[in-house]
Amino acid sequence: MKITQRRRVFDGHFKITELTATTPQGEEITRERFEPGHAVAALVFDTSKQQYLFTKQFRVGPEADLLEIAAGMVDKDESPETAVRRELHEELGYEVDELTQIVKMWPSPGTSGETITVYYAEVSRQTGAGGGLADEHEHLEMVAFTREQLVAEPWQDAKTLLAVQWVQLHK
């Protein structure tokens, strides 16, 4: 398939692009693509307390509070590693000691241009309050889990489930 035209059809908090493409059989098709940007996320392990740290916050998709790994968007001209370190400080108040990339993935490639780079982060120093940024209307609660609680929790968020399974296999 070859993309022949791109047109921005919605330019609000998120963006939607209309793509026109030609199939190998010569047919022209049109699809809309959700353009949220590129994100980062990290499963955080506090090595001094031997606890995994998560955020709990209201999410628009499920219209409810959701327990998940810390996550956020990559700002323009920012590397994913810099973004995840910034997000962990904003959301949890921690400085990163060790950072391991788990995967860079397309969470919904059939409809979205978003990528999420997921990390495992070891921390030991809380230097800030966390809780998110007021100017971004974030109201986060930090929730700590032991390894036993981590394994027993029925995770509903895909990136969190992926990171938890990675920890079970590798840590």
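Descriptive notes on the structure:
- Qualifying residue in segment 58-79 (condition: touching a residue at least 24 places away in the same chain (Cβ under 8 Å), out of contact with any Asp or Glu (no Cβ under 6 Å at 6 or more places or on another chain), surrounded by 14 or more Cβ atoms within 10 Å (Cβ to Cβ) and not hydrophobic (A, V, I, L, M, F, W, C)): no
- Selection status of Glu35, in contact (Cβ under 8 Å) with a residue 24 or more places away in the chain, within 17 Å of the chain's Cα centre (by Cα), more than 30 Å from Glu148 (Cβ to Cβ) and surrounded by 12 or more Cβ atoms within 10 Å (Cβ to Cβ): yes
- Residue within segment 125-136 that is touching a helix residue (DSSP H, G or I) at 6+ places or on another chain (Cβ under 9 Å), without any contact (Cβ under 8 Å) to a residue 12 or more places away in the chain and part of a helix (DSSP H, G or I) present: yes
- Glu95 satisfies every condition listed in (1) under 23 Å from Arg147 (Cβ atoms); (2) charged (D, E, K, R); (3) not assigned by TED's automatic domain parsing to the domain that holds Gln126 except (3).
The values are calculated or read from the model by the stated rules, or taken from the named source; none is laboratory data. It should be emphasised that the depicted structure is a prediction, and the values quoted were computed from it without experimental measurement. Reconstructed Cβ throughout: ideal geometry from the backbone, glycine too, with neighbour counts over all protein chains shown.
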